[in-house]
Amino acid sequence: MINAAPPAEFLNDFQQHWPFPTPLAACTLVSTRFNEQALSPDLLTHYAITAPKAAIKRQAEFLAARLCAREALRLQTGHADLPTAQNKSRIPRWPAHSCGSMSHSHNICAAIVGTNNCWQGFGLDIEKPISNQRAQRLAHTILTPAEYSTYLRLDNNRQAMYLTLVFSFKESLFKALNPLTGTYFSFHDAQVLDLEVAQTGHARLRLCKDLSTIWQAGCELEGQFARLHNSALTLVAVAT
C-alpha cells in the first residue's frame, strides 16, 4: 500500500497555493521542499517510481517533482496518478484529460495540473536568483538585442533579477510549447516583453521563430511570475 505522503525527512508537507497575481480556472498548483540527503533506494521502491540512473541530487529532484505532481493531480482530478515517461523523449505524458508541468531547483519543487478542456499545456519553472557577476557573463547568451537594451537601463541588482526572470520565462515557454509543437527553440527564439522586476507580476512572451503552422513568429502568450522561498517562479499557460 503506497502512503499518501512521503516520510517527513525527505519531503515537507505539500502546500496547495496560488502565488501568482492572477488566478487561473481549472488548475491546481502544489509546492514543497525536499531533502536530497534523505533519499534512499527503499524510498523509490516504496513509491514504485523508477528514477533515472544519475547522481543522488538528480534522483531526489525527480522523485520530489513527481510526488508533487501526483498530489496536484489528486487535488485537481481526484485521482493520485503520476505523469509517465515517453519513449525517446523527456517530455512527461500526463494522465487522460489533464495536462501539467513540473519544476525543481535547490530543494524546492512545484507542479501545476489542469484539465485539458480548459488548457492545452503549462510551463512552470523555478530558478534560484542569478548573481550579479554571473548575470554579466550570461546576458548575451540569454537576452535578445531588445531585451539586452532593457537590461542595460537597470542597476546591477535589478539587472540580475531581470535576467533571472527572462531566463525562467523562456524555460517556462519551452515547457509549454515544445510538447505542442515538437519543435526545439532556444533563448533567442523568443522575447519577453513588458517585464517589470517586482515580487509578483505579468509579462508577455513573443515568438521570434516559427514553431508550427499554428505557433508562428509574432504569436504571444501571457506569463506570470512570483517568488517561492526566495526563488523566481514563472508560469506560462496555454488555453484551449
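What follows draws every value from the coordinates through simple rules; no lab data is involved. Nothing here was measured: the structure is a model prediction, and the numbers come from that model. Because the Cβ atoms are built from the backbone with ideal geometry, glycine has one as well, and the counts that use them run over all protein chains shown.
Starting from the Cα of Arg227, step 7 Å along the direction of its Cβ; do the same at Cys208; then give the gap between the two resulting points in nm.
The two pseudo-label positions are separated by 3.0 nm.
Using a Gaussian network for the chain with springs between C-alpha atoms less than 10 Å apart, which of these wobbles most: Leu211, Leu163, Leu63?
Fluctuation is largest for Leu211.
Restricting attention to region 95-199, which trypsin sites (Lys or Arg not before Pro) occupy a DSSP loop and are surrounded by at most 12 other Cβ atoms within 10 Å?
Within region 95-199, the qualifying trypsin sites (Lys or Arg not before Pro) (loop, at most 12 other Cβ atoms within 10 Å) are Arg153.
Taking the chain as a Gaussian network, Cα atoms linked when under 10 Å apart, which of Ala48, Ala69, Ala217 shows the biggest mean-square fluctuation?
Of the options given, Ala48 has the highest mean-square fluctuation.
Where the centroid of each part is defined by its Cα atoms, how far is region 6-77 from region 166-239 in Å?
23
Would you mind ranking Tyr184, Tyr151 so that the residue whose beta carbon has the fewest other beta carbons within 10 Å leads the list?
Tyr184, Tyr151
Three principal axis extents, largest first, for the C-alpha atoms of region 38-182, in Å?
50, 38, 29
Under DSSP H, which helices of the chain have Cα atoms covering 27 Å or more of the helix axis and a Kyte-Doolittle average no less than -0.5?
Answer set is 56-77, 156-181.
Explain nothing, just the number: dipole magnitude of region 128-239 about its Cα centre with +1 on each Lys and Arg Cβ and -1 on each Asp and Glu Cβ, in debye rounded to the nearest 20.
340
Amide H neighbours of Ser105 under 5 Å, counting only residues 5+ apart in sequence or on other chains, H built in-plane at 1.01 Å?
Excluding prolines and chain starts, which carry no amide H, there are no hits.
Comparing Thr28, Thr183, Thr200, which has the greatest mean-square fluctuation in the GNM of the chain with Cα pairs linked when under 10 Å apart?
Thr183
Pick out, from Cys219, His188, Ser231, the residue whose Cα sits farthest towards the positive end of the charge dipole of region 128-239, with +1 on the Cβ of Lys and Arg and -1 on the Cβ of Asp and Glu.
Highest projection toward the positive end goes to Ser231.
Distance in nm between label sites at Lys53 and Ala198, each 7 Å beyond Cα in the beta-carbon direction?
So the label points at Lys53 and Ala198 sit 5.0 nm apart.
So what's the Cα pair-distance distribution over region 15-117, bin width 10 Å, in %?
For region 15-117, the binned pair fractions read 15, 46, 32, 7, 0 percent.
Can you tell me how much longer the chain between Thr181 and Asn35 gets when fully stretched, taken as 0.36 nm per residue apart minus their C-alpha distance, in nm with one decimal?
Extending this stretch completely gives an extra 49.1 nm.
Is region 128-239 rounded, prolate or oblate when judged by the Cα gyration tensor, a ≥ b ≥ c being the square roots of its eigenvalues, rounded requiring a/c under 1.5 and prolate requiring a/b larger than b/c?
prolate
Going down the table (Lys53/Lys175; Lys128/Lys209; Lys57/Lys209; Lys53/Lys209), which pairs top 25 Å between alpha carbons?
Result: Lys128/Lys209; Lys57/Lys209; Lys53/Lys209 exceed 25 Å.
Can you tell me how much longer the chain between Tyr148 and Asp42 gets when fully stretched, taken as 0.36 nm per residue apart minus their C-alpha distance, in nm with one decimal?
Length gained, Tyr148 through Asp42: 33.4 nm.
Using only helices, what value at 222 nm comes out for the chain when you add -39,500 (n - 2.57) per DSSP H run of length 4 or more and divide by the total residues, to the nearest 500 deg cm²/dmol?
It comes out at -10000 deg cm²/dmol, rounded to the nearest 500.
Mind checking the dipole of region 68-216: about its Cα centre, +1 per Lys or Arg Cβ, -1 per Asp or Glu Cβ, Debye to the nearest 20?
In debye, rounded to 20, region 68-216 gives about 280.
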